[in-house]
Amino acid sequence: SFSAVAADTDGVQQSPWKETIEGTGVNLTCLHPKITADATHWYRQFPDQPPQLVATAVRGTKPVLDGAGHLWVSSDRKSSALYLSRPRRGDSAVY
């Protein structure tokens with residue numbers, strides 16, 4: 001199974017755990033009401049590895065860097081959702 005664990009970041013509200021069957025799409029949502037940055041960046045981090053950029057968007061929908069999903073950012077930029085269309089066991093990480 002695929003699992004995602006939320007990063008603990010000040011002012012960001014994210015579901016602490018998400019799980020799905022391998023190959024079944026999963027939506028990871030995040031509220032960031034105090035955002036001041038121009039763009040929203042989603043990263044993933046595997047154990048003992050540096051964070052890897054998954055997707056970046058200012059508003060609207062952008063594809064993830066490996067093409068298997070998309071990042072959506074609300075028009076007020078206070079929330080976002082990372083959709084992984086075909087997660088694999090190897091994608092289990094902190095997002």
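The values are calculated or read from the model by the stated rules, or taken from the named source; none is laboratory data. These numbers were taken from a predicted model, which means no experiment stands behind them. Positions of Cβ are backbone-derived with ideal geometry, glycine not excepted, and every protein chain shown enters the neighbour counts. The accessibility values were calculated without ligands, DNA or RNA, using every heavy atom of the protein model including side chains. Shrake-Rupley method; radii C 1.70, N 1.55, O 1.52, S 1.80 Å.
How many angstrom lie between the Cα centre of segment 14-49 and the Cα centre of segment 71-95? Segment 14-49 and segment 71-95 have Cα centres separated by 5 Å. Using 0.36 nm per residue and subtracting the Cα-Cα separation, the extra length available between residue 85 and residue 39 on full extension is 14.3 nm.
Evaluated at q = 0.19, 0.23, 0.26 Å⁻¹, a Debye calculation over the C-alpha positions of the chain (equal weights, vacuum) places log10 I(q)/I(0) at -0.87, -1.27, -1.55.
A simple rule links phi to the HN-Hα coupling: the Karplus curve 6.51 cos²θ - 1.76 cosθ + 1.60 with θ = phi - 60°, which for segment 87-95 gives x, 10, 3, x, 8, 4, 6, 8, 10 Hz, with x for Gly and Pro. The trypsin sites (Lys or Arg not before Pro) of segment 44-95 that DSSP puts in a loop, and whose beta carbon has at most 16 other beta carbons within 10 Å, are 59, 78, 88. Measuring with a 1.4 angstrom probe and ignoring ligands and nucleic acids, residue 28 comes out at about 10 Å² accessible. Accessible area per residue for segment 23-91 is 59 Å², calculated with a 1.4 Å probe on protein heavy atoms, without ligands, DNA or RNA. Accessible surface of residue 42, taken over heavy atoms with a 1.4 Å probe and every protein chain present, rounds to 10 Å². Overall, the accessible surface of segment 23-91 at a probe of 1.4 angstrom is composed of carbon and sulfur to the extent of 53 percent.
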